[in-house]
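Working notes, beginning with the structure itself.
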Amino acid sequence: MQAQPLRLVTRDAPPATALGPLQQVLQNGSLYPVFQPIVNLADASIHAHEALIRGPAGSPLHTPDCLLRAAAQEDLRYEFENACVVSTLRHWGHMRSGGRLFVNISANALVRVFNLRGREGLLRWILDLRVMPRTLVLEITEHERVDSMDRLAEVVQEIRSAGVSLALDDFGDGHSSLRLWSQLKPEIVKIDKYFTRNISAHGDKLKTIQALQQIATIFGSSLVAEGIETAEDLRVLRDLGIEYGQG
């Protein structure tokens, strides 16, 4: 009986791991910023701009909320924050716009970047992107608890000595706490929109803003009222003496 030829059993190679939607966006460099003005309420002049990140237009990852959720799901929080900062500074540098630029970054990401680059390396990186440190305001956004408050304070002191300013975002919401304000003494504190929206119809919100003004005086911070959407709220905040507003 003729022997049958030996047949080798082969298996298809396992497919390469597919990239997650956000990972594809980061790999393609598809993030881009838009710039929202921060206005001096006394004379309606533009004081600065805040960079707001966007994903590809028309995609499920266009809005910041969707991008943040994807970063959490794909465990790319730090990579996402780093890409946002790089994209923002690059765009701003190419525009060569005057005035100050507010850039969002979490406390933990700021500490991590500083640990990797150091003070001088961080400054060179900013300058290489054509942004002057004295025009840059790092806006601390806290969705998670700060790992080390003391280390954050050390980092803030170092970058402040180089001319970079600090802002505290969404005060009164999440982990933006009075301790952060007290320990970091930011030049700017942004009041969460919960306290400013419909303030013209809520006396308790007005009293809260007045209390924050007293704290701002103690720590030498200027206040930005976020979420201004009506002429009535604008009038009340301006009459209170709030310096800056953002719609």
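The values are calculated or read from the model by the stated rules, or taken from the named source; none is laboratory data. Predicted, not measured: the structure shown is a model, and the values here were computed from it. Ideal geometry is used to build each Cβ from the backbone, glycine not excepted, and the neighbour counts take in all protein chains shown. For the accessible areas, the whole protein counts, side chains as well, though only heavy atoms, and no ligand, DNA or RNA atoms are used. Shrake-Rupley method; radii C 1.70, N 1.55, O 1.52, S 1.80 Å.
Search the range 131-179 for residues being in a loop (DSSP other than H, G, I, E, B) and of a type in the set (S, T, Y), and hand back the single one that is modelled with the lowest pLDDT.
The residue in question is S176.
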State which residue is surrounded by the most Cβ atoms within 10 Å (Cβ to Cβ) when the search covers only the range 203-229 and only residues that are in contact with a helix residue (DSSP H, G or I) (Cβ under 6 Å, 6 or more places away or on another chain) and among the small types (G, A, S). A225
So which residues in the range 99-112 are part of a helix (DSSP H, G or I) and either touching a Phe, Trp or Tyr at 6+ places or on another chain (Cβ under 9 Å) or acidic (D, E) (or both)? N108, A109, R112
Counted residues in the range 116-143 being out of contact with any His (no Cβ under 9 Å at 6 or more places or on another chain), crowded, with 19+ Cβ neighbours inside 10 Å and free of Cβ contacts under 8 Å to residues at least 60 places away in the same chain come to 7
Which of the residues belonging to the range 95-116 are charged (D, E, K, R) and closer than 24 Å to R145 by Cβ? R112
Taking the criterion of being buried (at least 16 other Cβ atoms within 10 Å of the Cβ) and of a type in the set (F, W, Y), would at least one residue in the range 184-194 satisfy it? no
So which pairs qualify, if the first residue must be in the range 216-229 and in a loop (DSSP other than H, G, I, E, B), the second must be among the hydroxyl-bearing types (S, T, Y), the Cβ gap must be under 7 Å, and the two must be at least 6 apart or on different chains? G227/T196; I228/T196
Would a scan of the range 100-115 turn up a residue that is open to solvent by 40 Å² or more (accessible area, probe 1.4 Å) and in contact with a strand residue (DSSP E or B) (Cβ under 8 Å, 6 or more places away or on another chain)? yes
Filtering the range 70-81 down to residues that are open to solvent by less than 60 Å² (accessible area, probe 1.4 Å) and in contact (Cβ under 8 Å) with a residue 24 or more places away in the chain yields A70, A71, E74, L76, Y78, F80, E81
Collect the residues in the range 48-69 that are more than 25 Å from T135 (Cβ to Cβ), touching a residue at least 12 places away in the same chain (Cβ under 8 Å) and not small (G, A, S), keeping them in residue-number order. P56, P60, L61, L67, L68
Restricting the range 230-247 to residues that are assigned to a helix (DSSP H, G or I) and acidic (D, E), the one nearest to the chain's Cα centre (by Cα) turns out to be D233
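I need a count of the residues in the range 180-197 that are assigned to a loop (DSSP other than H, G, I, E, B) and farther than 19 Å from A51 by Cα.
2
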Just to be sure before I move on: is S87 modelled with pLDDT under 95 and hydroxyl-bearing (S, T, Y) in the structure I sent? no
